[in-house]
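One structure below.
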Amino acid sequence: MDQVVRTVPKGMAAFRVSNIHHWTDRTFSFDCERPASFRFRSGEFVMIGLMVDGKPLLRAYSIASPSWDDELEFYSIKVPDGPLTSRLQHLKEGDEILIRPKPVGTLVHDALLPGKRLFLFATGTGIAPFASVIRDPETYDKFDHVILTHTCRDVHELDYGKHLMEEIRGHEFLPEIVGDKLTLISTTTRETSDHMGRMTDWIRDGRLAEAAGGGLDPATDRVMICGSMDMLKDHKAICEELGFVEGSNSEPGQFVIEKAFVD
Ligand code: A2P
């Protein structure tokens, strides 16, 4: 049945969906319209969802598109029995999704102190907020070098991130802004690829330092982390061992974390 929201609950809006792309059995992305009045900072998330049994079913989703874009992009996991994603994965062109247009989040420039290198550590769909941050010109105003790492179980799951890099290279104005400041390091953990292993292991055994031209240093580096609860816990522990201080919107620091959407 078509998803058309007939009665929009208070405080929410219904936005029309387009450009649905199924990347793997476990992931898909889609765009939706963005009214000019809907403003957000690159890296933030919103509550989105569908009407289910006459009630709104919403979950927090990072906006994957940058704040200057005319459309909103989302990148989602598909969980077979997940309350929302089991339904959301069947979206078709022209359907509508519900949005509570109050963007929030900590994976934003405002929550970080100035620095020279920006490390963006993502696993799985945790790359979504960074898809926004790496397409925002402000990122390259603020940092000399941006290193995005994306770790997934399988090679195919890295496609979204690799495609993003191609999109940036072929974009009308981003190449001039991004130049050679952006590096993507993609690794797999369960399927053989050129670069294997969890990024937490790469940091500890020096592989990241080698790939990025120097180890993590709180004096010059800033870090954003997005993934599962376990991934956040382990990355956060490493940051704290190295002397990084966690930041927030009210008190900017040297690293920030946010849980990637899971069901
Ligand atoms: P692994 O295959 O070794 O569990 P998931 O799909 O379960 O969210 O995992 C996405 C990626 O994140 C996988 O490559 C997984 O590696 C990795 N990962 C899971 N837990 C951690 C963690 N605690 N620290 C770093 N990477 C992790």
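If you put +1 on each Lys and Arg Cβ and -1 on each Asp and Glu Cβ, how big is the dipole of segment 25-117 around its Cα centre, in Debye rounded to 20?
Using only the charged Cβ atoms, the result is roughly 460 debye.
How long, wide and thick is segment 36-118, going by the Cα atoms along their three principal axes, in whole angstroms, largest first?
48, 29, 21
Most fluctuating residue of H235, H109, H21 in a GNM of the chain with Cα springs under 10 Å: which is it?
In the Gaussian network model the winner is H21.
Full-extension gain between V52 and K92, please, as 0.36 nm times their residue separation minus the C-alpha to C-alpha distance.
Numbers: separation 40, 0.36 × 40 = 14.40 nm, distance 1.65 nm.
Length gained, V52 through K92: 12.7 nm.
Could you tell me what percent of the DSSP beta bridges with both partners in the chain are antiparallel, to the nearest 5?
Of all bridge pairs located within the chain, approximately 50 percent are antiparallel.
If the elastic network links every pair of Cα atoms under 10 Å, which of L84, L242, L120 fluctuates the most in the Gaussian network model of the chain?
L242
With a 10 Å Cβ neighbour count serving as the proxy for reagent exposure, in which order, fewest first, do F74, F143 appear? Can you show the working numbers first?
On the way: F74 26, F143 21.
In order of increasing Cβ crowding within 10 Å: F143, F74.
Just to compare against my own numbers: the Cα pair-distance distribution for segment 120-263, 5 Å bins, whole % per bin, please.
P(r) over segment 120-263, rounded to whole percents: 2, 9, 19, 23, 23, 15, 7, 1, 0.
Calculate the translational D of the chain in whole µm² s⁻¹ from Stokes-Einstein, where the hydrodynamic radius comes from the Kirkwood formula applied to all Cα pairs, the temperature is 4 °C and the viscosity 1.567 mPa s. Provide the component values of the computation, followed by the final result.
Values: Rh = 18.8 Å.
It diffuses with D of about 69 µm²/s by this estimate.
Before anything else, pin down the relative contact order of segment 118-258: Cα pairs under 8 Å, at least 6 apart, normalised by residue count, whole percent. Don't jump to the answer; show the numbers that get you there.
On the way: 211 pairs, mean separation 36.4, N = 141.
Once normalised by length, the contact order is 26 percent.
Express in whole angstrom the spacing between the alpha-carbon centres of segment 100-150 and segment 39-99.
20 Å
For F119, what residues show an amide H to amide H distance below 5 Å, using hydrogens built from the backbone and excluding near sequence neighbours?
Amide H neighbours of F119, under 5 Å, 5+ apart: I147, R222, V223, M224.
Kindly express, to the nearest 10 degrees and within the range 0 to 90, the angle between helix 229-241's C-alpha long axis and the longest C-alpha principal axis of the chain.
So the helix axis and the longest Cα principal axis differ by about 30 degrees.
Within segment 133-240, report the GluC sites (Glu not before Pro) that DSSP leaves as loop and that have at most 16 other Cβ atoms within 10 Å. Kindly include the intermediate steps, with their values, before the conclusion.
Details: sites: E138, E157, E166, E167, E172, E176, E191, E210, E240; in loops: E172, E191.
Sites meeting the loop and neighbour criteria: E172, E191.
As an exercise, identify the GluC sites (Glu not before Pro) in segment 73-110 lying in DSSP coil whose Cβ has no more than 16 other Cβ atoms within 10 Å. If you can, show how the numbers build up before the last one.
On the way: sites: E73, E93, E96; in loops: E93.
In loop regions of segment 73-110 (DSSP not H, G, I, E or B), the sparsely surrounded GluC sites (Glu not before Pro) are E93.
Of A260, I147, I168, which is farthest along the charge dipole of segment 141-263 in the positive direction, counting Lys and Arg as +1 and Asp and Glu as -1 at C-beta?
So the residue furthest toward the plus end is A260.
Just for the Cα atoms in segment 84-139, what are the lengths along the principal axes, largest first, rounded to whole Å?
42, 25, 19
Given +1 on the Cβ of Lys and Arg, -1 on the Cβ of Asp and Glu, and no further charges, what dipole in debye does segment 69-216 carry about its Cα centre, rounded to the nearest 20? Before the final figure, lay out the partial values.
Values: 17 positive and 26 negative charges, 138 e Å.
That gives segment 69-216 a dipole magnitude of about 660 debye.
Where does helix 159-169 land angle-wise versus the long Cα axis of the chain, in degrees 0 to 90, nearest 10?
Tilt relative to the chain: about 80 degrees.
Could you work out Rg/(2.2 N^0.38 Å) for segment 1-143, with Rg from alpha carbons only?
Working: Rg = 15.4 Å, N = 143, 2.2 N^0.38 = 14.5 Å.
Taking N as the residue count of segment 1-143, the ratio is 1.06.
For G197, which sequence-distant residues (separation of 5 or more, or a different chain) have an amide H within less than 5 Å of its own amide H, given hydrogens modelled in the peptide plane?
Those lying under 5 Å, H to H, from G197 are T188, T189.
Could you tell me the calculated FRET efficiency between T183 and V8, based on Cβ-Cβ distance and R0 = 45 angstrom, to the nearest 0.05? Before the final figure, lay out the partial values.
On the way: r = 42 Å, r/R0 = 0.94.
It comes to 0.60.
Please compute the length gained on full extension between D201 and D144, using 0.36 nm multiplied by the number of residues separating them and subtracting their Cα-Cα distance. Don't skip to the answer; put the middle values down first.
On the way: separation 57, 0.36 × 57 = 20.52 nm, distance 2.50 nm.
The D201-D144 span can extend by a further 18.0 nm.
Test of understanding: extend the Cα→C-beta vector of D154 to 7 Å, then name every residue of segment 24-66 with backbone N under 14 Å from that spot.
Within reach of a label on D154: 24-28.
Convert each backbone phi in segment 104-120 into a coupling constant with the Karplus relation 6.51 cos²θ - 1.76 cosθ + 1.60 (shift: θ = phi - 60°), then list the ³J(HN,Hα) values in order as whole Hz, x for Gly and Pro.
My calculation for segment 104-120 gives 9, x, 10, 7, 10, 4, 4, 8, 10, 6, x, x, 9, 10, 10, 9, 10 Hz in order.
For segment 155-222, what is the relative contact order in percent, using Cα pairs closer than 8 Å and at least 6 residues apart in sequence?
Details: 36 pairs, mean separation 13.4, N = 68.
Here the relative contact order equals 20 percent.
If I take every Cα pair under 8 Å that is 6 or more residues apart in the chain, average their sequence separation and divide by the length, what percent do I get for the relative contact order? Let's see the in-between values first.
On the way: 570 pairs, mean separation 54.7, N = 263.
It comes to 21 percent, rounded to a whole number.
Which whole-Hz ³J(HN,Hα) couplings does segment 27-33 yield from phi under the Karplus relation 6.51 cos²θ - 1.76 cosθ + 1.60, θ = phi - 60°, glycine and proline marked x?
Per-residue couplings from phi come out as 9, 8, 10, 8, 9, 8, 5 Hz.
Pop a pseudo-label 7 angstrom from the Cα along the beta-carbon direction at both R169 and R190 and give the gap in nm to one decimal.
2.9 nm
How big is the dipole moment of the chain about its Cα centre under a simple scheme where the beta carbon of each Lys and Arg is +1, that of each Asp and Glu is -1, and everything else is neutral? Debye, nearest 20, please. Please list the in-between numbers first.
On the way: 30 positive and 42 negative charges, 150 e Å.
Once rounded to the nearest 20, the dipole reads 720 debye.
Read the figures in this text as sums done on the coordinates, not as results from a lab. Computed from a predicted structure; not experimentally measured. So basically every Cβ, Gly included, is an ideal-geometry build from the backbone, and we count neighbours across all protein chains shown.
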